[in-house]
Amino acid sequence: MQILTWNVQWCCGLDGVVSPQRIVQHALSMGADHGALDVLCLQEVAVGHDGLQGAPGDQVAQLRALLPGWQLCFAATTEGFDAQGRYRAFGNLVATRLPVAEVAQHRLPWRAEAGVVSMPRGCLVVTVRDPALGLVRVMTTHLEYHSAHQRRDQVQALRRLHAEALAQCAALPGTAGAATPYATPVHTPHAVLCGDFNLEPHEAEYAQLVAAAAPGEAAFHDSWSLLHPGDQQPDTFRLFDRTWGPEPGACDFVLVSDSLREAVRGWRTDSVTRFSDHQPVCTTLG
């Protein structure tokens, strides 16, 4: 199972060109040498935000057309209408060629901080059926950039979501008719949490994200660190564009649940592409 995560900056490259097509082509090519890409997790997908550089248009529709036969799930973290009544949305998208069993959207905490620029954040969870691993909860997110306080709250919320899912596995809810909203969803301990966390491995919020858990408690493990213990992850942000800081850094991660820590087989990034201001990260599980 190959999962690629990428903050695509509404598919706007450092050349100013907005192109979902080259984002999709490049992502698929990163999986090609290892079989085929199974899940594509994108952050900063835009719909109707004509004020953004390159006037991106309806990128959900564009991505759906570029991925025939795939299932696409989009979760807007900001959604509404401008003063002229034009619809706009911005958020996270998961596309997969695997069968989808469940989809859930979770709003993350949005702390009130006077004068601090921020936006609502969320976590999109798409549970897929992988032939080898079975059910896997793919969780993709994009945490707040401008506030460490908000990131800490959001990291805690992500850990709670995983803990809640594990609790459901341990104490399955009662069954209900398949035709009703009470029909029992699928449950699995397998989870992959990926995205742009807007924090780096040396920061306290990262330690909070991957903190060791007590027996039976939810925990996440960094897929890079599982394969390369003690080594620094390659940078994924500010490699070419220093608008957001003077030095490159790593803030795009693929984390796995306890149940998948032995399943991590590969990790790679592309440190050359300039199709976004972030670099894509692809992880292989098996």
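Any read-out appearing in this document is the output of simple, stated calculations on the displayed coordinates, not a laboratory observation. Not measured: the values here are computed from a predicted model. Here the Cβ positions follow ideal geometry from the backbone for every residue, glycine too, while neighbour counts run over all protein chains shown.
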Sorted by Cβ density within 10 Å, fewest first, the residues L98, L93: L98, L93
Positive minus negative residues near F275 (Lys, Arg vs Asp, Glu; Cβ under 11 Å): -1
Packing-based exposure ordering (other Cβ within 10 Å, fewest first) of T243, T175: T243, T175
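Assuming 0.36 nm per residue, please report the length gained on full extension of the stretch T175 to S271 beyond their Cα-Cα distance.
Numbers: separation 96, 0.36 × 96 = 34.56 nm, distance 4.81 nm.
My answer for the length gained is 29.7 nm.
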Charge tally in the Cβ shell below 14 Å around D153, where Lys, Arg are +1 and Asp, Glu are -1, D153 excluded: +4
Ranked L158, L67, criterion: other C-beta atoms within 10 Å, fewest first: L67, L158
Radius ratio Rg over Rh of the chain, counting only Cα atoms, Kirkwood formula for Rh: 0.94
Proximal charge balance of A46 [Cβ under 9 Å; K/R count +1, D/E count -1]: -1
Rg(Cα)/(2.2 N^0.38 Å) for segment 189-286, N = residue count: 1.10
